[in-house]
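Written below as C-alpha cells is the structure these notes are about.
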Amino acid sequence: MIEVRNLQKSYGALDVLAGVSLHVEQGEFVSILGPSGCGKSTLFSILTGIEPADGGEILIDGAPPTEPRPCAWMPQSDALFPWRTVEQNIALGFEVAGGHGRREASERARALLPTFGLEGFGDTRPYHLSGGMRQRAALARTVAQGRDTLLLDEPFGALDALTRTDLQLWLGDIWARERWTVVLITHDVREAVLLSDRIYVLGPRPGTVVGEFEVSLPRPRGIATLGSPAAAELEVELLQALRVGQDATL
Amino acid sequence: MSRARGILERVWPPLVVLALGVVAWEFYSRLSGIGNAVLPPPSRVVQSGWADHASLWDNTLPTLREVLIGFAVSLVFAFVVSVAIDASGIARRSLMPVLIGSQTIPLIVLAPLVVIWFGFGLTPKILLVALVTFFPIVVGLVEGYASSDRDAITLLRTMGARWPTTFRLVRLPAALPGFFTGLRIAITYAVVAAIFAEYAGAEFGLGVYMQGAKASFRTDLVLAAVVVSALLTLVLFAATYVVQALVIPWYAESKRVPQ
Ligand SMILES: Nc1ncnc2c1ncn2[C@@H]1O[C@H](COP(=O)(O)OP(=O)(O)O)[C@@H](O)[C@H]1O
Ligand SMILES: [Mg+2]
C-alpha cells in the first residue's frame, strides 16, 4: 500500500506539486487524471525516487520507502531499446531489477510473451512493431521487474484512437486476471472510467487533488460499460472536476 | 535487390564526375604542351604506376601498417578517455577543453616534432596517426553517450541501476552510431597523417616514395602514389561501413522502417 501525504515539489521558481495526498491499496487500480503539465509525471519521479520531494512524505506499507523502491515505472515514451529484441527488452526488467542472469532473464521474458500478445515476436526488434505492440512490450518489461506496484505514465497517449481503445480493453482484461497494483496517469477521462477502481483528479499546475472518485461500475467492463448511464454520469462529473480547476486559470 | 540498386544509384554520379575530370585532364596535358614533368596525363600515371607496382606496393604496406597500428592505439585511448569523461564531471571539465585546444596544433608542426622526439622508426608514425584520429573518435563517443534516450536512463535508474550498468546497457550502445561517424572522419585523416610523418623522416612508405619520385622529377610516380593513398583511404572508409553493419545492424534497419 502506498500513501502520499501533502507532497510538494518545485523546480526553481516553478511550483509543480502543491500538497498532493493520495493512497493506493494493494491490488487496486488507481488513475490520476489531470491536464498536461500539472505535475503527473513529476509525481512518478518522486515515487520512484528519481527526484527528491521538497515537502510531504511517502509511506509504503506504513514505513518510509527503502531503495530500490517497490515500484516499476513505465515511461511516457516506451523507451524500448532498438539494439535489443522484444524478448531482450522484456528481459531487461528481470536482469536489472530482478538481478537474474542473462539466460534466466531471457527464459522468463520468453514465458511472458503470450500473456502480452507478443508470441512469435520475441526475436523482432521494436522498430518493426506496431504502436500497440510496442506498448505491450513496454508493459511486459515493467511487469518483469517483479515490483509490487506498476506506475504507468500515459501508456496509450501516443496511440491512434482505435488502437488506444483496443489496448484499454486489453489492459482491463489482463488486469482482471493478474490483479497488479496499478497507478495509471492519463488525461483521457474515458480511459480512467473504463479501467479504474478509483480516480484522482489533479488541477492545473501547481498540482493538487481537486477530486477523488470511486468507480463502482461492475467488472468485467467492456465497450458496453461505457454506454451505461452510470459511466456517462461519472464522465460528466470528471470533466466538470477538470474544468473547475481550469476555470481558475483562464 | 532494391538496396543494391540504391547503392548503384549513389555510386554512379560521382564516378561520372570523376571520369569527366580524368578525361579533361588527359586532353589538357596532351594538347597544352605542359610537359610530363609538370602534369603527366592520367594514362601515363597509370602506365608508370603499373610499371613500378612492386615498389609502390612495398611502400604502401608500411604506410598501411602505420595507419592500422596508429588507429588501434587511438581507439584504445579514445575509448578509455571517453569513458572517463562520461563517468566523471571533473574528467569532462578538465579533459574536454584540453582536447579541443590540442586540435589547434597543425599537423605540419607536429610531424617534425614527433620525429625529433621519437626518431625515424615506427613509433613517431603511430603516434602521429593516433594523435590525429584520437579527437574525432573521442568526440563521436562522448556525444554519442550524451545522445542516449533520457527515459531509457531514468528507467534503468528506477530499476536500481548505477552508472556502470546504465553505461553498459544504454549509453554505450546508444553511442555506437556516433562512434562510427567519428571513426569515418578519423580515417580520412589517418593516411594523410602517416604520409606526413614519413615526409618528416622514414625509410619506407608512400611519403618516402613520393619524395623520391619528386626528387627525380617523376611527377607521374608522385601522382601514382597519390592515387594509391586515396584508394587506401577509400578502402578503409568503406571498411567502416562493413564493420558498422556487422556491429550495429539495428541502426540502419531502424532508419529504414517508415514511421
Ligand atoms: N526536471 C525538470 N526541471 C524543470 N522543470 C521541470 C522538470 N520536470 C518537469 N518540469 C516542469 O514541471 C511541470 C510539470 O511537468 P510534468 O510532471 O511532466 O507534467 P505532466 O506529466 O502532468 O504533463 C512542467 O511545467 C514541466 O515543464
Ligand atoms: Mg507527463
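Which condition number does B:Arg168 fail, the rest of (1) within 12 Å of chain A (Cβ to nearest Cβ); (2) under 25 Å from B:Leu64 (Cβ atoms); (3) among the charged types (D, E, K, R) being met?
(2) is the only condition that B:Arg168 fails.
Given the options B:Phe196, B:Phe217, B:Phe204, B:Phe167, name the one that is within 30 Å of B:Ser88 (Cβ to Cβ), in contact (Cβ under 8 Å) with a residue 40 or more places away in the chain and aromatic (Phe, Trp, Tyr).
From the options B:Phe196, B:Phe217, B:Phe204, B:Phe167, the qualifying one is B:Phe167.
For the subset of segment B:158-172 comprising residues that are of a type outside the set (Val, Ile, Thr) and closer than 15 Å to A:Arg141 by Cβ, which member is most open to solvent (accessible area, probe 1.4 Å)?
Residue satisfying both the conditions and the ranking: B:Gly160.
Identify the residue in segment A:12-47 that is part of a loop (DSSP other than H, G, I, E, B) and acidic (Asp, Glu) and, among all such residues, is farthest from ligand 2 (Cβ to nearest atom).
A:Glu25
Table: residues versus (1) within 16 Å of ligand 2 (Cβ to nearest atom); (2) more than 19 Å from the chain's Cα centre (by Cα).
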residue	(1), (2)
A:Gly98	no, yes
A:Ala109	no, yes
A:Glu119	no, yes
A:Ser130	no, yes
A:Leu139	no, no
A:Gly146	no, no
A:Gly157	yes, no
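Looking at A:Gly157, is it out of contact with any Gly (no Cβ under 7 Å at 6 or more places or on another chain), assigned by TED's automatic domain parsing to the domain that holds A:Arg177 and closer than 26 Å to A:Ser31 by Cβ? Steps first, please.
Numbers: out of contact with any Gly (no Cβ under 7 Å at 6 or more places or on another chain): yes; assigned by TED's automatic domain parsing to the domain that holds A:Arg177: yes; closer than 26 Å to A:Ser31 by Cβ: yes.
Yes, satisfied.
Is it true that some residue in segment A:169-176 is within 15 Å of ligand 1 (Cβ to nearest atom), of a type outside the set (S, T, N, Q) and open to solvent by less than 40 Å² (accessible area, probe 1.4 Å)? Even if it seems obvious, please write down each step before you answer.
Start the filter on segment A:169-176 by keeping residues that are within 15 Å of ligand 1 (Cβ to nearest atom), which leaves none.
Taking every residue of segment A:169-176 in turn, none turns out to be within 15 Å of ligand 1 (Cβ to nearest atom), of a type outside the set (S, T, N, Q) and open to solvent by less than 40 Å² (accessible area, probe 1.4 Å).
Restricting attention to segment A:54-66, does a residue exist that is open to solvent by 40 Å² or more (accessible area, probe 1.4 Å), within 16 Å of ligand 1 (Cβ to nearest atom) and not charged (D, E, K, R)?
yes
So the check is Cβ under 6 Å with 6+ separation or different chains; which pairs have a first residue in segment A:68-80 that's open to solvent by 30 Å² or more (accessible area, probe 1.4 Å) and a second one that's assigned to a strand (DSSP E or B) and within 15 Å of ligand 1 (Cβ to nearest atom)?
Between residues of segment A:68-80 that are open to solvent by 30 Å² or more (accessible area, probe 1.4 Å) and residues that are assigned to a strand (DSSP E or B) and within 15 Å of ligand 1 (Cβ to nearest atom), the close pairs are A:Gln76/A:Asp153.
Sort out which residues of segment A:117-130 are without any contact (Cβ under 8 Å) to a residue 40 or more places away in the chain and part of a helix (DSSP H, G or I), and write them in order of number.
Passing the criteria: only A:His128.
Please verify whether A:Leu217 is over 26 Å from A:Leu118 (Cβ atoms) and out of contact with any strand residue (DSSP E or B) (no Cβ under 8 Å at 6 or more places or on another chain), treating the condition exactly as stated.
In short, yes.
Pairs please, first residue from segment A:33-54 and aromatic (Phe, Trp, Tyr), second anywhere and within 13 Å of ligand 2 (Cβ to nearest atom) and open to solvent by 20 Å² or more (accessible area, probe 1.4 Å), Cβ atoms under 8 Å, 6+ apart in sequence or on different chains.
What qualifies is A:Phe44/A:Trp73.
Those residues that are out of contact with any strand residue (DSSP E or B) (no Cβ under 8 Å at 6 or more places or on another chain) and facing another protein chain (nearest Cβ under 7 Å), I need them from segment A:68-89; list them, please.
Matches in segment A:68-89: A:Pro68, A:Ser77, A:Ala79, A:Phe81, A:Pro82, A:Trp83.
The values are calculated or read from the model by the stated rules, or taken from the named source; none is laboratory data. Small disclaimer: the values here were computed from a predicted structure and weren't measured. Glycine gets a Cβ as well: all are built from the backbone with ideal geometry, and neighbour counts include every protein chain shown. Only protein heavy atoms, including side chains, enter the accessible area calculation; ligands, DNA and RNA are left aside. Shrake-Rupley method; radii C 1.70, N 1.55, O 1.52, S 1.80 Å.
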